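Down below is the structure, laid out as C-alpha cells.
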Amino acid sequence: MTSTKPEPGRFRRWYSTLHPSLQLIGLQLWLPLFFIVGFCLCYIAAFHAPHPHDVPIAVVGSSSELQQALDEADPGVFVVRGETSVEEAREAVRTGHAAVAWDPADSTIYKASAHQYQVSALIPAMITPVLQAGSATPVVQDLAPLPAYDEYGTVSLYLMLAWCIGGYMVAMFIGLMGAPLRHRTRVSVIVVGALLISLITNTLAGPVIGAVQGHWGELVLLGWAWITAIGLTVNGISYFAGRFVALPAMIVFVFLSMPASGGAYPSWFMPQPFAWLNAVVVGSGITEMLKRVLYDVGPGYGRGLTMLISYAVAGVVLMIVGKAWWERRRIRRIVTGRTTMFADAQAANREFLISERDDVLARHGLVATDTGSIDTVPEDERRRYEAGADDGSDVDGDVHGDMFLGAPGGLEDTGLDTRPVRVVPRRGENDGERDGDRVRDR
C-alpha cells in the first residue's frame, strides 16, 4: 500500500520557518488563553452576582400563608413547603433539602451552618422581617454549627478542588506521554497516584494544618476513590483529545465543577447552567460526601456514590473504545505520512539542538572529538575565534540577527567565554596523558 504525504498548507509552511523553540512556544499558548477564557466564563460569570432564587423553606404546618408573605416581600426567591412535624423540618435542613425551617409553634428558625455557611447567614436575615410583620419574634437555632478550625465552611470546597486537580493532572500527563502504554499500566499509575495524592492532601489538611479534626482514614479512602474515578475518566478522554486533553478535563473537573458544586454558594444562588449542573458535576458529589463525613450533614452517601461509580464506569468505557480508535488513527497517520505541527516542531527543535551543539561548545572554549570526549580548544584557535567575534562575525559566518528574536542560531550575542573549565578525566585515564590545555571530560 503506497500513499503520498499530504502537502502542508500555506500557514503551516510559514510557521515551519520560525525558530523551532518559538514554534513550540506558540503551539502551547492555547493553554493560557483557554484558561483565561474559562476563568472568565465560569468563575466570574457564576460568582459576580449570586442571587437567591427558588430557595426551599420548610415550615411546620401549612405553608400557604408564609408563601404569600414571602412572595410579596421577595417575588421568586422562596419556595415554601409544609412538613408534618418539627423533626421532619429539622431533618430537611440537616440533609440540605431545605435552606432553613420555620416552626411557628415556638417561633424558631432552624439552620445548619455546616452544610452551607452563606445560606445560614443570609436566609434567616431575609425572612425575619417578614415573620416579624406577622407578629412573630423569631429566634435562630443552629442544628450544625461550624467548628473554629473551619469557621466559614470552606474546607470541603478546597479539599474537593485538590482532589479534582490531582486526579485530572495525573491522567492528563499519562495521556500526553503514555499513549502506547497498556491499559493495566495506565490504570496502575492512576490508582497509585490517586492514593499518594489522597494521603498527601489529607495529611496536610488534617494533622499538619489542622483544618480537619479526625476522620483521617475515612477521608483518605474517600479521596482515593474520587481521584481514581476522575483519573479514569480523563484517561479515557485522552485517547480522543490527544495533547489537548487539558481542555475537556479542566472544563469538566475544574471550571464547571467548582461553581456548580455548591461548595461556595448553593445551587439556589447560581445562574444557569451552573444551578442545573449541580446534579451532575463531581464537585457536588465530593463536597456533599465530605460534609457528611466531617459534620454529619448533607443528603448522605447514596448520591455521591452513584456519581463516583458513573464517572469511573464512563472512564473505563472511554478507555476501551478510545484505545482502539487511537490505534486506527495512528495507523492512518503512519500510512499517509501525515504529521502534526507539534510533532514537526519537536523534530525541528531536536535537530536544531543537535546541530548547534558544536557552536555552543566553541563559545565556551570546548570542542567535541570523534571519540566522544570533550577537549578544550587550542590556544591558536581561541585567538582566531576571538578575532572573529571582535569584528562582528561568528566563526561559522553566522549573522547576529535582530534585538528581539536574537541570532538565527538561537544563541545570545556574546563573546568567547575564556574562563577555565574544570574537566574530570575518565576512569582509568593517566594524568600523564593530559597535555597543556588539552584535557578530557567524561
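Structure values in brief
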quantity	calculated
Filter pass, residue 224 being over 22 Å from the mean Cα position of the chain (by Cα) and of a type outside the set (Asp, Glu)	no
Matching residues in segment 344-369 - criterion: being within 24 Å of residue 244 (Cβ to Cβ) and either open to solvent by 40 Å² or more (accessible area, probe 1.4 Å) or in contact (Cβ under 8 Å) with a residue 60 or more places away in the chain (or both)	344, 345, 346, 348, 349, 350
Residue list for segment 56-79, filter: aliphatic (A, V, I, L, M) and either part of a helix (DSSP H, G or I) or at pLDDT below 90 (or both)	66, 69, 70, 73
From 58, 89, 114, 101, residue being within 32 Å of the chain's Cα centre (by Cα) and crowded, with 21+ Cβ neighbours inside 10 Å	114
Residues of segment 125-150 that turn out to be more than 28 Å from residue 292 (Cα to Cα) and aliphatic (A, V, I, L, M), as a count	4
Conditions (1) in contact with a Gly (Cβ under 8 Å, 6 or more places away or on another chain); (2) aliphatic (A, V, I, L, M); (3) open to solvent by 20 Å² or more (accessible area, probe 1.4 Å): number failed by residue 190	(3)
Test: residue in segment 218-240 that is modelled with pLDDT under 90 and open to solvent by 10 Å² or more (accessible area, probe 1.4 Å)	no
Flag for residue 159 being of a type in the set (A, V, I, L, M) and either within 27 Å of residue 291 (Cβ to Cβ) or in contact with an Asp or Glu (Cβ under 6 Å, 6 or more places away or on another chain) (or both)	yes
Residue within segment 202-213 that is surrounded by 15 or more Cβ atoms within 10 Å (Cβ to Cβ) and closer than 27 Å to residue 38 by Cα present	no
Count of residues meeting criterion [among the β-branched types (Val, Ile, Thr), assigned to a helix (DSSP H, G or I) and touching a helix residue (DSSP H, G or I) at 6+ places or on another chain (Cβ under 7 Å)] in segment 236-255	3
Residue among 330, 338 that is more than 18 Å from residue 252 (Cα to Cα) and in a helix (DSSP H, G or I)	330
Any hit, segment 161-177, residues being surrounded by fewer than 17 Cβ atoms within 10 Å (Cβ to Cβ), small (Gly, Ala, Ser) and modelled with pLDDT under 95	no
Where a residue in segment 146-159 is open to solvent by 40 Å² or more (accessible area, probe 1.4 Å) and its partner, wherever it lies, is outside any loop (DSSP other than H, G, I, E, B), with Cβ under 6 Å and at least six apart	152/117
First in segment 179-200 and without any contact (Cβ under 8 Å) to a residue 40 or more places away in the chain and more than 16 Å from residue 318 (Cα to Cα), second anywhere and open to solvent by 60 Å² or more (accessible area, probe 1.4 Å) and not in a helix (DSSP H, G or I), Cβ under 9 Å, 6 or more apart	189/181
Any chance residue 264 is part of a loop (DSSP other than H, G, I, E, B) and touching a residue at least 12 places away in the same chain (Cβ under 8 Å)	yes
Residue count, segment 47-96 (criterion: aliphatic (A, V, I, L, M), touching a residue at least 60 places away in the same chain (Cβ under 8 Å) and within 16 Å of residue 116 (Cβ to Cβ))	2
Output for segment 325-343, where each listed residue is over 28 Å from the mean Cα position of the chain (by Cα), open to solvent by 80 Å² or more (accessible area, probe 1.4 Å) and more than 16 Å from residue 9 (Cα to Cα)	328, 331, 332, 334
Whichever residue in segment 275-323 is under 27 Å from residue 216 (Cβ atoms) and of a type in the set (Lys, Arg) and, among such residues, is least open to solvent (accessible area, probe 1.4 Å)	291
Which listed residue is part of a helix (DSSP H, G or I), more than 19 Å from the chain's Cα centre (by Cα) and modelled with pLDDT of 90 or more, from 188, 198	188
Matching residues, segment 248-274, being crowded, with 23+ Cβ neighbours inside 10 Å, over 12 Å from the mean Cα position of the chain (by Cα) and small (Gly, Ala, Ser)	260, 261, 262, 263
Extreme residue, nearest to residue 290 (Cα to Cα), among residues of segment 61-86 that are among the charged types (D, E, K, R) and open to solvent by 70 Å² or more (accessible area, probe 1.4 Å)	81
Considering residues of segment 1-46 that are without any contact (Cβ under 8 Å) to a residue 40 or more places away in the chain and not in a helix (DSSP H, G or I) only, the residue farthest from the chain's Cα centre (by Cα)	2
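The values are calculated or read from the model by the stated rules, or taken from the named source; none is laboratory data. The shown structure was predicted, so the numbers you read here are calculated from the model rather than taken from an experiment. Cβ atoms come from the backbone with ideal geometry, glycine included; neighbour counts cover every protein chain shown. Calculation scope for accessible area: heavy atoms of the full protein, side chains included, ligands and nucleic acids excluded. Shrake-Rupley method; radii C 1.70, N 1.55, O 1.52, S 1.80 Å.
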